[in-house]
Amino acid sequence: MSKPMTKTQLVAAVAEAMGSDKKTASAALDAVAAIVTKEVAEGGAVTLPGIGKVSCKARPERQVRNPATGETITKPADKQVKVTVAKVLKDSVNG
């Protein structure tokens, strides 16, 4: 399995695909990340065409077990970020 692409490599690839410079590509990626973060933090969802959907799911208070001690404790309600991969991406990977 190969190493994941770094941000620097992604910025270079986006700049090449856009026919732009790395500074513009980096700003575009940062803007997308900021918009997705803001929307999901507010409880919304964002669909990235061809990639998938990023959403926030509320989880209720629940009982969990500490594996070290076996003690059951109550975990407070929290939120979980969920990424659903687009069918187009799944199909292209599975070819």
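If you build the Cα gyration tensor of the chain and take the root of 5 times each eigenvalue, what three semi-axes come out, in whole angstrom, biggest first?
Semi-axes (√(5λ), whole Å): 35, 17, 15.
Hey, what number do you get for the chain at 222 nm if only DSSP H runs of n ≥ 4 count, each worth -39500 (n - 2.57), divided across all residues, to the nearest 500?
Calculated from helices alone, the mean residue ellipticity at 222 nm is -13500 deg cm²/dmol.
So, counting K/R as plus one and D/E as minus one, what does the shell of residues with Cβ under 10 Å around P60 add up to?
+1
What lysines sit close enough to K82 to cross-link, taking a C-alpha to C-alpha distance under 25 Å and skipping anything fewer than 8 places away on the same chain?
Filter leaves K3, K7, K38, K53, K57, K90.
Using DSSP to call loops (not H, G, I, E or B), can you name the GluC sites (Glu not before Pro) in the chain whose Cβ has at most 14 other Cβ atoms within 10 angstrom?
The qualifying sites are E42, E61, E71.
Given a 1.4 angstrom probe, I'd like the percentage of the accessible area of the chain that is carbon and sulfur, rounded to a whole number.
60
To the nearest 10 square angstrom, what accessible area does S2 show with a 1.4 Å probe?
Around 100 Å² of this residue is reachable by solvent.
Among the helices of the chain (complete DSSP H runs), which have Cα atoms covering no less than 15 Å along the helix axis and a Kyte-Doolittle mean of at least -1.0?
7-18, 22-41
Based on the Kirkwood radius over alpha-carbon pairs, what value in µm²/s does the Stokes-Einstein equation return for the translational diffusion coefficient of segment 45-94 at 4 °C and 1.567 mPa s?
Taking Rh from Cα pairs, D becomes 97 µm²/s.
Net charge near A77: determine it from the other residues with C-beta under 11 Å of the C-beta of A77, scoring Lys and Arg +1 and Asp and Glu -1.
Result for the neighbourhood of A77: +2.
The values are calculated or read from the model by the stated rules, or taken from the named source; none is laboratory data. Quick caveat: nothing in here was measured; it's all calculated off a predicted structure. Glycine also receives a Cβ, built like all others from the backbone with ideal geometry; neighbour counts cover every protein chain displayed. These area figures cover heavy atoms from the full protein model, side chains too; ligands, DNA and RNA do not enter into them. Shrake-Rupley method; radii C 1.70, N 1.55, O 1.52, S 1.80 Å.
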